[in-house]
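Structure, as structure tokens:
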Number of protein chains: 2
Amino acid sequence: MSAMDKTNLAAAFARFSDFWSPKIVGEVNDAYVKLAKLKGAFIWHKHEQEDELFLVVKGHLRLRLRDRDIELDPGEFFIVPRGVEHRPVADEECHVLFLEPKTTLNTGNVVNERTVADLERI
Amino acid sequence: MSAMDKTNLAAAFARFSDFWSPKIVGEVNDAYVKLAKLKGAFIWHKHEQEDELFLVVKGHLRLRLRDRDIELDPGEFFIVPRGVEHRPVADEECHVLFLEPKTTLNTGNVVNERTVADLERI
């Protein structure tokens with residue numbers, strides 16, 4: 001992919017099949033556009049300094065916060081403010097576009113076997 | 001709209017009808033998520049220091065660059081790198097999500113009657 005090509009989201013999602021492993025599809029200023037396929041429940045975590053945008057492209061995402069759940073269908077986004085604990089849960093396969101600083105780790109303040117530090121570019 | 005609400009893109013686009021007047025629908029770190037309805041041809045301009053992401057939500061956008069055109073359908077995005085002249089053209093009404101720094105002016109290096117300096121939040 002050249003930085004000067006357009007990205008078709010459906011085609012980009014078709015290029016990978018692993019879950020919970022964000023892929024970089026674009027770079028805009030100090031942020032990355034990332035795509036990930038989600039299925040099942042992720043861990044509770046937060047990003048101390050970074051807001052994180054979740055835009056659902058396919059499927060349904062339940063974004064659990066400590067005080068309520070945000071239910072996202074395709075064409076809906078939510079921005080998790082920095083410092084807010086959240087836990088993404090997808091009962092069925094769900095495709096999500098993320099927008100977040102280049103420094104953001106998928107597991108935020110938690111580093112464990114689900115942490116993906118080196119992201120593939122697709 | 002509270003910063004802690006989700007945004008449904010179709011519902012947000014239904015809240016305004018003017019063209020070429022970006023509305024702020026979200027704030028993520030140092031960037032705004034903006035929505036705009038486009039119809040007709042805009043001016044040639046560039047943003048010296050800012051990359052600008054165009055994601056087409058509805059309709060078709062021709063993003064003219066000096067050396068080629070980028071044709072965007074719904075579910076496709078293109079990131080115009082800083083310094084690159086571009087001219088959005090929509091033969092029919094087109095709905096676009098933008099992601100760009102809070103400092104970005106819609107007309108970039110050109111300030112004229114199409115410049116919108118004070119953006120409405122919807």
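The values are calculated or read from the model by the stated rules, or taken from the named source; none is laboratory data. These numbers were taken from a predicted model, which means no experiment stands behind them. Cβ: placed from backbone, ideal geometry, glycine included. Neighbour counts: every protein chain shown. Each accessible area value is taken on the protein alone, full model and side chains, heavy atoms only, with ligands, DNA and RNA left out. Shrake-Rupley method; radii C 1.70, N 1.55, O 1.52, S 1.80 Å.
Modelled spin labels at B:R66 and A:F16, positioned 7 Å past Cα toward Cβ, are 3.4 nm from each other. Between identical copies, the spacing of B:A11 label points, each set 7 Å from Cα toward the C-beta atom, reads 3.3 nm from nearest to farthest. For the listed peptides B:9-16, A:111-118, a ranking on the average number of other beta carbons within 10 Å per residue, highest first, reads B:9-16, A:111-118. Distance distribution P(r), chain B, all Cα-Cα pairs, bin width 10 angstrom from 0: 13, 49, 33, 4, 0 percent. The label-point distance for A:V84 and B:A41, in a model that sets each label 7 Å from Cα toward Cβ, rounds to 4.3 nm. Heavy-atom accessible area buried between chains B and A is around 2600 Å² (1.4 Å probe, both sides summed).
Label-to-label distances for B:V111 across copies, nearest first, come out at 4.6 nm, using points 7 Å from Cα in the beta-carbon direction.
The relative contact order of chain A, computed from alpha carbon pairs under 8 Å that lie at least 6 residues apart in sequence, is 32 percent. Cross-linked pairs A:K6/A:K37; B:K6/B:K46; A:K37/B:K58: Cα-Cα separations exceed 27 Å for B:K6/B:K46. Using a probe of 1.4 angstrom and keeping all protein chains present, the accessible surface of chain A works out to 45 square angstrom per residue.
For the segment A:5-17, counting C-beta atoms of other chains within 10 Å of every residue's C-beta and taking the mean gives 3. Highest mean packing comes first when the peptides B:45-51, B:27-33 are listed by Cβ atoms within 10 Å, giving B:27-33, B:45-51. Peptide A:72-79 shows a mean partner chain C-beta count of 6 within 10 Å per residue C-beta.
Counting, for every residue in B:99-109, the Cβ atoms of other protein chains within 10 Å of its Cβ and taking the mean gives 1.
A:G40 label point (Cα plus 7 Å toward Cβ) to equivalent points in the other copies: 5.4 nm, shortest first.
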